[in-house]
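Trainee: Okay, handing you the structure first.
The values are calculated or read from the model by the stated rules, or taken from the named source; none is laboratory data. All figures in this text were calculated on a predicted structure; none of them were measured in a lab. Every residue, glycine among them, receives a Cβ derived from its backbone with ideal geometry; neighbour counts consider all protein chains shown. What goes into the accessible areas is simple: the full protein's heavy atoms, side chains included, and nothing from ligands, DNA or RNA. Shrake-Rupley method; radii C 1.70, N 1.55, O 1.52, S 1.80 Å.
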Amino acid sequence: MPSLELHSVYTIYNTRSFLASNPVLKGIDMKFSDTEPTCVIGPSGSGKSTLLNVLNGKLNPSAGSIAFGDKRFRSYQQYQRFAEDNILMIPQNPYDILIPQLTLYESISKILTIADENHRSLSSEERRKTLMRTLKEFGLEYASETKVKNLSGGETQRGLLVLAVSLKPRILLLDEPTAYLNVEYHRRLGRLIKNYTVDNDMVLITTSHSPEFINEIGNFVEIYNGHIRKIGSSIDLLKDEHTKVYLQNGKLVLPFEDYCTKDRSQVRIMRKSGILNLEEI
């Protein structure tokens, strides 16, 4: 399957002069493959969300180009039309998609019936059997008849991922999929998502701060101050001191200088083992 490629992508907010600006993304060159899912990491303000919005067709880059295999898009508008049919982005807030008044099964099935021709072609019995199998794999079989509004944040997030893998987009974008999950589920979720996307020839691009999740995804790209600082495997991330990423208390902890763009009023600084660990208040 073709790979998704970015060539010298720059993104600038609210400025009239390219030369006088300070771009959020500064010449990103990257290739994303369906055989190698990728986790994008970096401190707050590094450009991770901006990158996802560019890939999702929601944010027009100021310069650069995007390609999918042999297809070179002549304009971002042409890429946006491609994105509408081929790219699915799952936001952090699952209630942006799932229907709170319906049960989890009803909500996912209803959306699949509307959005997926293959799902519509199945009999009602086949639809239920297929969807229940996926819910079970994500540990949600017990919650299938519970209304979405009564589910926990983690259960709803996993339900959204069931919908995502069932739709089988060519490119799947996940924004912090472990945000509402207990840490013990991070590793299992990473393994499930990776297996689903690779088995179905999907390009997977996700962001995360969970070392357990990143370790299962297997590959990462580190963005710092709008640049790609490092690309490698999770082994590189966890062991190579050059990345300046440390594991502490089950979280990714970057050195203090990597948080220079973060609002100081929103963090509490604690010095542990010689490493500055920033925690959200």
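Trainee: Roughly how many percent of the accessible protein surface of the range 59-109 is carbon and sulfur, given a 1.4 Å probe and a whole-percent answer?
Mentor: 43
Trainee: Given the range 1-156, what count of lysine pairs have C-alpha atoms under 22 Å apart, with each pair 8 or more places apart or on different chains?
Mentor: Within the range 1-156, the lysine pair count is 14.
Trainee: For the range 111-157, what is the accessible area per residue in Å² when the probe is 1.4 Å? Numbers along the way, then the final one.
Mentor: Details: 2790 Å² over 47 residues.
Ligands and nucleic acids excluded, the result is 59 Å² per residue.
Trainee: Could you work out Rg/(2.2 N^0.38 Å) for the range 1-128, with Rg from alpha carbons only?
Mentor: Working it through for the range 1-128, the quotient is 1.30.
Trainee: How do the peptides 107-116, 174-183 rank, highest first, by the average count of neighbouring beta carbon atoms within 10 Å per residue?
Mentor: 174-183, 107-116
Trainee: Now for a separate question. If you roll a 1.4 angstrom probe over the protein chains with everything in place, what fraction of the accessible area of the range 154-226 belongs to carbon and sulfur, to the nearest %?
Mentor: Answer for the range 154-226: carbon and sulfur cover 40 percent of the accessible area.
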